[in-house]
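The values are calculated or read from the model by the stated rules, or taken from the named source; none is laboratory data. Treat the numbers as computed from the prediction; the structure is a model and nothing was measured. So basically every Cβ, Gly included, is an ideal-geometry build from the backbone, and we count neighbours across all protein chains shown.
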Amino acid sequence: MIMKKMNWSILILLSVLLSGCADQKKQAADKVLETIDIVNTYWQSNNPATTRSFWDNAAYHTGNMEAYFLTKNPDYLRYSNDWAEHNEWMGAKSSEKSSWKYSYGESDDYVLFGDYQICFQTYVDLFNLSPDSQKIARALEVMEYQMSTPQNDYWWWADGLYMVMPVMTKMYNLTKNPLYLEKLDEYLTYADSIMYDNEVGLYYRDHKYVYPNHVSNNGMKDFWARGDGWVLAGYAKVLSDLPMDAPNRPKYEERFKTMAHAVATCQQPEGYWTRSMLDPDHAPGPETSGTAFFTYGLLWGINNGLLEKVTYQPIADKSWNYLTTVALQPDGRVGYVQPIGERAIPGQVVDANSTANFGVGAFLLAACEMYRTINAD
């Protein structure tokens, strides 16, 4: 009789403890949802959807669509749809294929430049939600023309791996044309040959910054946080869409894990990453866009079984704490985002008032993965 009472007491205690844990988990998840809404409502209330389809706006929309998929908030969907319609479901708008370029440029003839192709990620997402051929017509025209050319050097800068790698997997899933995956690997192989550092496991922003021709202020290899943030996040998005039996999946998974390890080793004690990842003194202080992309990538890796939770969750928790207690301002603005550029600049001011569309998109990606992490526990 005494033993039965003890067993019941233990069961009641366990029930109370489990109930308390469930309540704490729900509160934490609800807090993340609240944060997403505060950040995205602030951005959309203060910035019209009628902006061009260039990379900075398009990067925001990759985060906004992820927030929509998680929350099903119709305002988020409407905002991206309005943006796509404003841009006529196109990137750069030239119709003269013989003039299409892919070096750096912002005019309408830079159709093959990845900064004008990232918009296709959102167009495909919107098509999948509500199929209409006009939504993907330009994406099909541009990407299939590009794949018909003999060039393989389209991704000549690190940012381009986020801009276009996920376009290739999304277009593959849409068309089942194996050429998308073949060209993905061909273009990535070229990018690796000019930007990837096998010793460190990180990417230089482009060939101009490869060591030893370029060094940080203290003579070190200079890896730009946002640049490597783009790449880690790009791999996460590709692996999200890539078939499990795709021939190159093991190679991409291994590269993702190698990068995650390298990223983890240079996190600052406060949870952020400095702009020059291995030389904190080169451009000291927090930076949000790179930190948010890293947070997203690490959490995605945990959530999808590629990274060990015991090793990487504390790192992601520290960076999430930075994002929500330092970067996030009371009104919903995301601060400490380095302005548009391509490198860590000594003396450049990055503070609570420094915000940007792409930084908000990165923050939303990280927040969505944090919500999934909490609910997976």
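At a glance:
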quantity	calculated
In the range 272-293, residue nearest to D197 (Cα to Cα) [restricted to those that are of a type in the set (G, A, S) and surrounded by 22 or more Cβ atoms within 10 Å (Cβ to Cβ)]	S276
Where L77 falls short, out of the listed (1) touching a Lys or Arg at 6+ places or on another chain (Cβ under 9 Å); (2) aliphatic (A, V, I, L, M); (3) surrounded by fewer than 21 Cβ atoms within 10 Å (Cβ to Cβ)	(1)
So M143, is it surrounded by fewer than 22 Cβ atoms within 10 Å (Cβ to Cβ), assigned to a helix (DSSP H, G or I) and free of Cβ contacts under 8 Å to residues at least 40 places away in the same chain	no
Criterion: crowded, with 18+ Cβ neighbours inside 10 Å and more than 14 Å from the chain's Cα centre (by Cα) - qualifying residue of L328, L299	L328
Count of the range 279-290 residues which are touching a helix residue (DSSP H, G or I) at 6+ places or on another chain (Cβ under 9 Å) and either assigned to a loop (DSSP other than H, G, I, E, B) or at positive phi (or both)	2
Candidate set from the range 356-377 (those that are out of contact with any Asp or Glu (no Cβ under 6 Å at 6 or more places or on another chain) and surrounded by fewer than 24 Cβ atoms within 10 Å (Cβ to Cβ)); member that is farthest from D30 (Cα to Cα)	A356
Residue match in the range 103-126 (condition: out of contact with any Phe, Trp or Tyr (no Cβ under 8 Å at 6 or more places or on another chain), surrounded by fewer than 24 Cβ atoms within 10 Å (Cβ to Cβ) and without any contact (Cβ under 8 Å) to a residue 12 or more places away in the chain)	no
Residue satisfying condition, being hydroxyl-bearing (S, T, Y), over 16 Å from G234 (Cα atoms) and in contact with a helix residue (DSSP H, G or I) (Cβ under 7 Å, 6 or more places away or on another chain), within set Y123, Y211, Y203, Y154	Y123
Residue match in the range 154-163 (condition: over 26 Å from H207 (Cβ atoms), among the aliphatic types (A, V, I, L, M) and outside any loop (DSSP other than H, G, I, E, B))	no
Which listed residue, of P243, P247, is surrounded by fewer than 19 Cβ atoms within 10 Å (Cβ to Cβ), in contact with a Phe, Trp or Tyr (Cβ under 9 Å, 6 or more places away or on another chain), outside any helix (DSSP H, G or I) and not β-branched (V, I, T)	P243
Residues that are closer than 14 Å to Y116 by Cα and either part of a helix (DSSP H, G or I) or of a type outside the set (K, R) (or both), drawn from the range 41-61	T51, S53, F54, W55, D56, N57, A58, A59, Y60, H61
Boolean, I340 is within 18 Å of the chain's Cα centre (by Cα), surrounded by fewer than 22 Cβ atoms within 10 Å (Cβ to Cβ), modelled with pLDDT of 95 or more and assigned to a loop (DSSP other than H, G, I, E, B)	yes
Members of the range 210-268 that are of a type in the set (D, E, K, R) and under 13 Å from the mean Cα position of the chain (by Cα)	R226, D228, K237
Long-range neighbours under 7 Å by Cβ, at least six apart or interchain, first residue touching a residue at least 40 places away in the same chain (Cβ under 8 Å) and among the aromatic types (F, W, Y) within the range 53-81, second in a helix (DSSP H, G or I) and crowded, with 19+ Cβ neighbours inside 10 Å	F54/D115; F54/Y116; W55/D115; W55/M163; Y60/N357; Y60/F358; Y60/V360; Y60/G361
Candidate set: the range 250-271, residues that are touching a helix residue (DSSP H, G or I) at 6+ places or on another chain (Cβ under 7 Å) and free of Cβ contacts under 8 Å to residues at least 24 places away in the same chain; chosen: the one surrounded by the fewest Cβ atoms within 10 Å (Cβ to Cβ)	Y252
Tally, over the range 164-222, of residues that are crowded, with 22+ Cβ neighbours inside 10 Å, assigned to a helix (DSSP H, G or I) and either modelled with pLDDT under 95 or of a type in the set (G, A, S) (or both)	1
Filter result (small (G, A, S) and under 18 Å from H282 (Cα atoms)) within the range 195-228	S216, G219, A225, G227
